[in-house]
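Heads up: the structure comes next, in structure tokens.
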Amino acid sequence: MDKFDRDLEIIVARLNSDTDKETQKNLIALKDNLIRLHEENVVKINHSVMELVCAKHLILRGYEVDIERPIDGLVCDLYGVKGLGSHIVEVETGFIPPSHALDPANYRRSRIASKIIRYGNHSDKFALGVPPYYLLQIPDILVKPPRGRTPEELKYLKTLCDLYYKNPPVSLEEIRNARIHTIYIIDVDEVTIKEVDPVTYLKKRDNLWLTK
């Protein structure tokens, strides 16, 4: 057993310590799928562990959960279905590639905007999952109701996304309609999740920048 497999076995054992047999079965199946994807060099350990912690949170709330699911030409990290409603969660670790060492904040801002715009149009509910030590660079525009976004703001976001993500480019219509409904703070150490609404998250984040 390599380190990836061993780490996933450990995290699933921790997650399953207080769950019923059906939840345990679901998490083991998701873990096995991630191990298979790792053998194909598709997934990495930090990201996969966060996905499993978030998956348990969704399963306990009645969702049927799939991991790394293709949808309309994209691959989403977590796809949940409950009744007639769908829920996509994209997990972000805060990784900055070496090629963006000189523009990390702008890169992350563009990446997060692109994630919300691309995925936020493909489910009834969209969320970002992040570790507690990473502050998301969510553009304020995307927290506004769609009807409150001005043409200038839409053009700004398109320009920002096109700087880094042009394959395919996002459309003004996608930007206008994209929504983020919640943010999951994923604490792997404690195997817990805290839900924060985006408006509250941005207020707390911006207060940090204002603190002397």
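The values are calculated or read from the model by the stated rules, or taken from the named source; none is laboratory data. Just so it is clear, the structure is predicted and the values come from calculations on it, not from any experiment. Positions of Cβ are backbone-derived with ideal geometry, glycine not excepted, and every protein chain shown enters the neighbour counts. Calculation scope for accessible area: heavy atoms of the full protein, side chains included, ligands and nucleic acids excluded. Shrake-Rupley method; radii C 1.70, N 1.55, O 1.52, S 1.80 Å.
Below is a table of values for the structure above.
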quantity	calculated
Pick from the stretch 149-191, criterion in contact with a Leu (Cβ under 7 Å, 6 or more places away or on another chain) and β-branched (V, I, T), ranking: surrounded by the fewest Cβ atoms within 10 Å (Cβ to Cβ)	V191
Flag for P97 being touching a helix residue (DSSP H, G or I) at 6+ places or on another chain (Cβ under 9 Å), without any contact (Cβ under 8 Å) to a residue 12 or more places away in the chain, of a type outside the set (D, E) and more than 25 Å from R149 (Cα to Cα)	yes
Subset of the stretch 53-65 [surrounded by 19 or more Cβ atoms within 10 Å (Cβ to Cβ) and either among the small types (G, A, S) or not in a helix (DSSP H, G or I) (or both)]	A55, Y63, V65
Scan of the stretch 126-148 for residues that are under 21 Å from S48 (Cα atoms) and either open to solvent by 10 Å² or more (accessible area, probe 1.4 Å) or of a type in the set (G, A, S) (or both), ordered by number	A127, G129, P132, Y133, Y134, L135
Per-region count, the stretch 1-52, residues in contact (Cβ under 8 Å) with a residue 40 or more places away in the chain and surrounded by 13 or more Cβ atoms within 10 Å (Cβ to Cβ)	16
